[in-house]
Amino acid sequence: MIDNLSDKDRRAFSFIRNMIISQGRSPSLREINTVTKDSSPRSAGLAIDRLIKAGLLERKGRNLILTSERDSSSVHTVNVKLVNSVACGTPMLAEENVEAEIAVSTALAKPGFQYFLLRASGNSMDQAGINSGDLLLIRQQTTAENGQRVVALINDEATVKEFEKNGEVVILRPRSSNKELRPIVLTDNCIIQGVVQAVLPSDIY
């Protein structure tokens, strides 16, 4: 799982995934080293091995493919609406303006649920695999389980955080390299809009 990867391996996976999706090819070891700041081809090779072991990539001949490509449903897509940006630091006003509709694989946006896309900003969730500019695939639902990454509305302002509920108290926790950010503690006025299902490449749209 991507949440268990080191920051360097997350960067490597994001770069490889973006290259596969946008250019239809896997990057060279040298190209991977440009984002991980390593110099040895062996370092890039070991990063790929870890991503394969994590179930995120597979080898197909001399190329890498995303694991989801094994699923025949990945050739089918559904249009998902891209709405406003969401601050992953200080909550910001959520305006329901649709910017675009983006085709997303049904291997990710599974039939039977409603989805929307948001573009994250800020760094309060960077240690949970969400970086500024990432597109977040959100499954619409009004409840969440502890530990899930959610989109929550607080007095009509939206934020992405890790959800935790203890009795009547809701805690929205940042997962950030910025240690100055603090959890948001609420007893009411918190409406769950959905749960993050996937983090998509920022250059899709």
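Do you know which residues across the range 124-149 are touching a helix residue (DSSP H, G or I) at 6+ places or on another chain (Cβ under 9 Å) and within 11 Å of PHE163 (Cβ to Cβ)?
Filtering the range 124-149 for residues touching a helix residue (DSSP H, G or I) at 6+ places or on another chain (Cβ under 9 Å) gives 126-129, 131-135, 149.
Hit for the range 124-149 is ARG149, nothing else.
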Item to complete: Any chance you could count how many residues in the range 174-205 are surrounded by 14 or more Cβ atoms within 10 Å (Cβ to Cβ) and closer than 28 Å to VAL104 by Cα?
Response: 15
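For the range 168-191, which residues satisfy the criterion of being β-branched (Val, Ile, Thr) and either modelled with pLDDT of 95 or more or assigned to a strand (DSSP E or B) (or both)?
Our first condition is that a residue be β-branched (Val, Ile, Thr); within the range 168-191, this holds for 169-171, 184-185, 187, 191.
Residues satisfying the conditions are VAL169, VAL170, ILE171, ILE184, VAL185, ILE191.
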Fill in: When residues of the range 82-112 are limited to those that are surrounded by 18 or more Cβ atoms within 10 Å (Cβ to Cβ) and polar (S, T, N, Q), the one modelled with the highest pLDDT
SER105
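This table checks each residue for (1) within 22 Å of ILE20 (Cα to Cα); (2) at pLDDT 90 or above; (3) within 20 Å of the chain's Cα centre (by Cα).
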{"position": "GLN114", "(1), (2), (3)": "no, yes, yes"}
{"position": "VAL150", "(1), (2), (3)": "no, yes, yes"}
{"position": "ASN166", "(1), (2), (3)": "no, yes, no"}
{"position": "GLN193", "(1), (2), (3)": "no, no, yes"}
Worksheet item: Which residue pairs have Cβ atoms under 6 Å apart, sit 6 or more places apart or on different chains, and have a first residue in the range 188-200 that is polar (S, T, N, Q) and a second that is surrounded by fewer than 21 Cβ atoms within 10 Å (Cβ to Cβ) and in a loop (DSSP other than H, G, I, E, B)?
Response: ASN189/ASN155
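The values are calculated or read from the model by the stated rules, or taken from the named source; none is laboratory data. Since this is a predicted model, take the numbers as computed values, not measurements. Heads up, the Cβs are rebuilt from the backbone with ideal geometry, glycines too, and the neighbour counts pull from every protein chain shown.
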